[in-house]
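**Q** Sharing a structure below in structure tokens format, with a few things to ask.
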Amino acid sequence: MGINASRIPMKEQDPAVRGKNFEEVPYGYSDDEAKAEASRCLKCKKPLCVDGCPVNVKIPEFIGLIANGDFAAAARKIKETNALPAICGRVCPQEEQCECRCILGKKGDPVAIGNLERFAADREREKGTVDLPAKKSSVNKKVAIVGSGPAGLTCAGELVKNGFDVTVFEALHEAGGVLVYGIPEFRLPKEIVKKEISGLESLGVKIVKDFVVGRTATVDDLFNEEKFDAVFVGSGAGLPSFMKIKGENSIGVYSANEYLTRSNLMKAYVSNPTTPIMKGKRVITVGGGNVAMDSARTALRLGANKSMIVYRRSEVEMPARKAEIHHAKEEGIEFHLLCNPVEIIAGDNGAVTGVKCIRMELGEPDERGRRRPVVIKGSEFTLDCEAVIIAIGNSPNPLIPETTPDLKVSEKHGTIVADESDGRTSKKFVYAGGDIVTGAATVILAMGAGKTAAKSIMADLTGGD
Amino acid sequence: MGSQILKKEQLSDSVWRFRLNAPRIAKKRKAGQFIILRPAADSERIPLTIANVDAKEGWIEIIFQVMGRTTMQMRDLNAGDSVADLAGPLGNPTHIENFGRVLCIGGGVGAAPLYPIIKAMFETGNDVTSIIGARNKELILLEDEIKASSHRLLIATDDGSYGTKGFVSDVFNALIDAGEKFDAAVVIGPAMMMRATCRLTVAAGIKTYASLNPIMIDGTGMCGCCRVTVGGESRFACVDGPEFDASLIEWDELIARMGSYKDFEKKAREDYHTCKLEGAA
């Protein structure tokens, strides 16, 4: 019996309908669909997919369990190495990590590893078969985690399982970091994030919200006054970048962080919200990453007739996941490629009326191998709009570097310098990982960094892991 | 973390002083810093400057004017209640040094955040002249406290019900006309008042710092909503400020951005008011 070259598609909300609501786009697999997809796996002796995963999820093993219908065991298998599978199944770029290495991909579709991971985690949560992982006896060591995003939560989970006393400090009023303020509901339902966090809490992780490390207490205070034995800094990407063009501070110009925070964290998308957001009829998002897709799709759901993406290179160079670009296009987001904003135009009252753009063409490849966009002289044109969202990245937040004098910081990028192989920084018993070290990256890379740092913390504090 | 309200006091028709239990913030805070709070779990996050502290007793005081839905929600809490969230201290402390002769100018509710700065300037050995202005006598805040930490306190009211009739800028002009010289000035108040006053102090050659209060969400540098053009560059009031060299601030842009949501805010105020009335009926 030959193996089906096509994967089982995951059913999705109709694009015309979902563009008007914030409910999740894909519905997930049924038990039968999951079993059928799982049975496509070849169970390779040397599974390349596992090497592609930053936390080395035991992929063929959990997929085998799904194929046999042992769904609860599949979820447990994933959780041996990945604390947040329901989240990773949704937001990991599987196509460039695990799925791209799948042998089946040579002739057809690779196994839908992400879909199956999501299925196992969702089913476990929905059926209430969640088992708390075994916890080792207390080692009597206190670890502070700065930031409750993917890096911090993963680090906290690893440490608490190994008997450490873990406290997570979160600056905002809700835990989850980018998972709650950044990624929209339609891509990652907040209920799932809450469940994952309450799971960590039931393991004994303490979460302190409204606590800004660097202000409420410095890293040194955490050691000297609060008697922590180690500190992991996973404070995230931080300050949004702007283009430094004319008109960028006009009314109706947002960073993607602000726009998404208003909508996701402050719930500006619900009816009668307490935090406002500009509901422009025409909204332009500048950028080509996942955050740009999230912003443009949020604008559409908030009622824009026309939600446009302006990106200076072509679609091939877009850093966003293919699936996100595909979803955005299906929903009717307009892509204005190979053009770059040169000025934001505002009316007399200071509110945005349009973006003046210039056309670009691709020149020689840059240091990252992406072809560099070059201006086509005299090709300026204007796109009318009532709101602009700038989604061109972030620079690191200065609060911790500025208040921790002996912590080495990259002069060029402002990121905390940490050895990516072990998470150790220049300061003893201080570890760092995630976007604060790498600059803006992915949820799973941050989780990988949190896990790596946890190993070092265990080794440094107890002399072994 | 939530925080319990220890004391609630009405200072004028629309201005309130709340004392909040916040030992960590009280211990850490320096003059010029602010907090972010949410009165209830469905509130906006609003920044408020810390007006007073007692590190030993572990409390901070905030003084606010009821302006919108969130401050209305705050007003409706009582001693013994808790606010849902309180985070801080945020922002950079005021640069305090012995400048020599220092001018501290506060407009309206701006006197509240100005008070800890006046105190710190006074305690550092500066010769402090404070000018406080408001619409009328009833709205002059913290007169006794400010007087106790100033070598001289001058008052202006728009209607002449107290002190000089006119604006703080009129009082300032009179000092300059009398030949007085100052080495530094700190100005806090409504943006329009700061724009008008800072133009004068800067023109008089006084190094002037203004403490800005743009719209803010997270208060930790993450969202960029509070950006202000200072010296031709975008700066974030929450992590780069809230104080900036007044000679470099783009006031018109700041004032325009502060009005971004005025229609929404008006409706929210009305809805909240209606909802309270219906609740009472």
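The values are calculated or read from the model by the stated rules, or taken from the named source; none is laboratory data. Just so you know, these numbers come straight off a predicted model, no measurement behind them. Because the Cβ atoms are built from the backbone with ideal geometry, glycine has one as well, and the counts that use them run over all protein chains shown. Just so you know, the surface numbers come from the protein's heavy atoms only, side chains and all, with ligands and any DNA or RNA stripped out. Shrake-Rupley method; radii C 1.70, N 1.55, O 1.52, S 1.80 Å.
**Q** Which one of B:ALA237, B:LEU20, A:GLY182 is farthest out on the positive end of the charge dipole of the protein assembly as shown, using unit charges on Cβ (Lys, Arg +1; Asp, Glu -1) and the Cα centre as origin?
**A** Comparing the listed Cα positions along the dipole, A:GLY182 ranks first.
**Q** Could you tell me which of the pairs A:LYS142/A:LYS427; A:LYS136/A:LYS427; A:LYS194/A:LYS281; A:LYS141/A:LYS427; A:LYS209/A:LYS281; A:LYS227/A:LYS408 are separated by over 24 angstrom between their Cα atoms in the structure shown?
**A** Numbers: A:LYS142/A:LYS427 17 Å; A:LYS136/A:LYS427 28 Å; A:LYS194/A:LYS281 33 Å; A:LYS141/A:LYS427 18 Å; A:LYS209/A:LYS281 36 Å; A:LYS227/A:LYS408 22 Å.
Over 24 Å Cα-Cα: A:LYS136/A:LYS427; A:LYS194/A:LYS281; A:LYS209/A:LYS281.
**Q** Helix B:111-123 against the longest principal axis of chain B: what's the angle in degrees, Cα atoms only, rounded to the nearest 10?
**A** Taking Cα atoms only, the helix is inclined about 50 degrees.
**Q** While we're on this one: What's the carbon and sulfur percent of the stretch A:199-338's accessible surface, probe 1.4 angstrom, rounded to a whole number?
**A** Carbon with sulfur: 50 percent of the solvent-accessible area.
**Q** For chain B, what does the helix formula give at 222 nm: sum of -39500 (n - 2.57) over DSSP H segments with n ≥ 4, over the residue count, nearest 500 deg cm²/dmol?
**A** -8500 deg cm²/dmol
**Q** Given the options B:TYR261, B:TYR115, B:TYR162, which has the most mean-square fluctuation in a GNM of chain B, springs set between C-alpha atoms less than 10 angstrom apart?
**A** B:TYR261
**Q** Averaged over A:247-258, how many beta carbons belonging to a partner chain fall within 10 Å of each residue's beta carbon?
**A** The shielding value for this peptide is 5.
**Q** Calculated FRET efficiency, A:ASP31 and A:ASN140, Cβ-Cβ r, R0 41 Å, to nearest 0.05? Please report the intermediate quantities before stating the final value.
**A** Details: r = 44 Å, r/R0 = 1.08.
In this case the efficiency is close to 0.40.
**Q** Which of the DSSP-defined H helices in chain A satisfy a minimum axial length of 27 Å, computed from C-alpha atoms, and a minimum mean Kyte-Doolittle hydropathy of -0.5?
**A** Correct list, ordered by number: A:443-462.
**Q** Share of the stretch B:159-281's accessible area from carbon and sulfur, percent, 1.4 Å?
**A** Ligands and nucleic acids excluded, carbon and sulfur reach 54 percent.
**Q** I've got another one for you. Would you mind checking the tilt of helix B:262-280 against the longest principal axis of the Cα atoms of chain B, expressed as 0 to 90 degrees and rounded to 10?
**A** Roughly 50 degrees between the two axes.
**Q** Now, a different point. Fully extended, how many nm does the chain gain between B:MET67 and B:MET192 (0.36 nm per residue separation, minus their Cα-Cα distance)? Numbers along the way, then the final one.
**A** Values: separation 125, 0.36 × 125 = 45.00 nm, distance 1.61 nm.
The span from B:MET67 to B:MET192 would gain 43.4 nm if fully extended.
**Q** Roughly how much accessible area, to the nearest 100 Å², goes out of reach of solvent when A and B pair up, both sides summed, probe 1.4 Å?
**A** The buried area between A and B, both sides summed, comes to about 3500 Å².
**Q** Identify all lysines with a Cα-Cα distance to B:LYS147 below 29 Å; exclude those on the same chain that are fewer than 8 residues away in sequence.
**A** Correct list for B:LYS147: B:LYS7, B:LYS8, B:LYS27, B:LYS28, B:LYS30, B:LYS56, B:LYS119, B:LYS137, B:LYS165, B:LYS181, B:LYS207.
**Q** Report the accessible area of B:ARG45, computed with a 1.4 Å probe over the heavy atoms of all protein chains in place, in Å² rounded to the nearest 10.
**A** 10 Å²
**Q** Across peptide B:258-267, how many C-beta atoms of other chains are within 10 Å of each residue C-beta, on average? Intermediate results must be reported in sequence, preceding the final value.
**A** Details: counts 1, 4, 8, 5, 1, 1, 8, 1, 0, 2.
Mean partner shielding for this stretch: 3.
**Q** On to the next question. What residue among B:SER211, B:SER149, B:SER130 shows peak mean-square fluctuation when chain B is described by a Gaussian network model with Cα springs under 10 Å?
**A** With Cα springs under 10 Å in chain B, the top fluctuation among B:SER211, B:SER149, B:SER130 is at B:SER149.
**Q** Let me ask you something else. Cα to Cα, under 18 Å, and not fewer than 8 places away if on the same chain: which lysines meet these conditions relative to A:LYS377?
**A** Of all the lysines, those that pass the test against A:LYS377 - Cα under 18 Å, at least 8 places apart if same chain - are A:LYS356.
**Q** In the stretch A:42-83, carbon and sulfur make up what percent of the accessible area (probe 1.4 Å)? Before the final figure, lay out each step's value.
**A** Working: 1030 of 1970 Å².
Using a 1.4 Å probe with all protein chains present, the stretch A:42-83 comes out at 52 percent carbon and sulfur.
**Q** Could you tally up the Lys pairs in the stretch A:1-125 with alpha carbons closer than 15 Å? Skip any pair fewer than 8 positions apart unless they're on separate chains.
**A** Step by step, the pairs that qualify in the stretch A:1-125 add up to 6.
**Q** Would you work out which of B:ASN213, A:PRO60, B:MET121 lies farthest towards the positive end of the dipole of the protein assembly as shown? Charges go on Cβ: Lys and Arg +1, Asp and Glu -1.
**A** A:PRO60
**Q** Then there's this: How many partner chain Cβ atoms sit within 10 Å of a residue's Cβ in peptide B:40-53, on average, as a whole number? Show your work: numbers first, answer last.
**A** Working: counts 1, 2, 6, 4, 7, 8, 0, 0, 0, 0, 0, 0, 0, 0.
Across B:40-53, the average partner-chain Cβ count within 10 Å equals 2.
**Q** Rolling a 1.4 angstrom probe over the protein heavy atoms, how many square angstrom per residue are accessible across the protein assembly as shown?
**A** Per residue, the protein assembly as shown has 41 Å² of solvent-accessible surface.
**Q** Further question on the same structure: As a test of understanding, state the convex hull volume per residue of the stretch B:1-77 from its alpha carbons, in Å³.
**A** Convex hull of Cα atoms, per residue: 86 Å³.
**Q** As a test of the formula, what do you get for chain A when each DSSP H run with n ≥ 4 contributes -39,500 (n - 2.57) and the sum is divided by the residue count, at 222 nm and rounded to the nearest 500 deg cm²/dmol?
**A** It lands at -9000 deg cm²/dmol.
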